[in-house]
1. Which of the following residues is on the phi > 0 side of the Ramachandran plot, out of contact with any helix residue (DSSP H, G or I) (no Cβ under 6 Å at 6 or more places or on another chain) and either touching a residue at least 60 places away in the same chain (Cβ under 8 Å) or acidic (Asp, Glu) (or both): ASP127, ASP95, ASP122, ASP73?
2. Do the conditions hold for SER75, that is, is it in a loop (DSSP other than H, G, I, E, B) and under 18 Å from ASP134 (Cα atoms)?
3. Can you tell me which of (1) modelled with pLDDT of 65 or more; (2) surrounded by 11 or more Cβ atoms within 10 Å (Cβ to Cβ); (3) of a type in the set (A, V, I, L, M) is the one ALA76 doesn't meet?
4. How many of the residues making up segment 79-114 are outside any strand (DSSP E or B) and surrounded by 13 or more Cβ atoms within 10 Å (Cβ to Cβ)?
5. Given the conditions (1) under 18 Å from VAL71 (Cα atoms); (2) assigned to a strand (DSSP E or B); (3) open to solvent by 20 Å² or more (accessible area, probe 1.4 Å), which single one is not true for VAL117?
Amino acid sequence: MRRQLLAATLAVAALALAPTLAACTPGGSMSEPTPSASASTRPPFQTATPGPVAPTGTPTVVPQARWDALVADLSARGVTSTPTLVSAEAVTFSDGSLGCASPGQSYTQALVDGMRVVVTADGQTYDYRFGSDDTPKLCTR
């Protein structure tokens, strides 16, 4: 008796779902026509390599250890003049890239307290980022 009741319940459920399932099959009737790719009014998806993120932060003083590391990095890059400070900001970056991600690299996905220091030297502008230590990262894009 239970088997007959279960079979009858399944048969009723299948019949109730038949029109819905038919609409999902090729050739089935649907209330709305399937839009074609050429009828889309949405603009095409475009990708671009992001440039450096220019976070806004609180103006701050550059600690001497970080300034010395920045000057040493510029010197190693062949910069001969003394850098001039343009701006220094305490920033919380959204990940370990310090707002200057490189394509194909993986970064820690956590907030990172750090600093953005912009200097000029030899007629060029240099955008340096610092995370939790005194190692400078030159943002080149």
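1. One residue alone meets the criteria, ASP122.
2. Criteria not met by SER75.
3. Among (1) modelled with pLDDT of 65 or more; (2) surrounded by 11 or more Cβ atoms within 10 Å (Cβ to Cβ); (3) of a type in the set (A, V, I, L, M), ALA76 violates only (2).
4. 11
5. (3)
The values are calculated or read from the model by the stated rules, or taken from the named source; none is laboratory data. Just so we're clear, the structure is a prediction, and the values are computed from it rather than from any experiment. A quick note on method: Cβ atoms are made from the backbone with ideal geometry, for glycine too, and the neighbour counts reach across all protein chains shown. The protein model used for the area step is the full one, side chains on, heavy atoms only, and it has no ligands, DNA or RNA in it. Shrake-Rupley method; radii C 1.70, N 1.55, O 1.52, S 1.80 Å.
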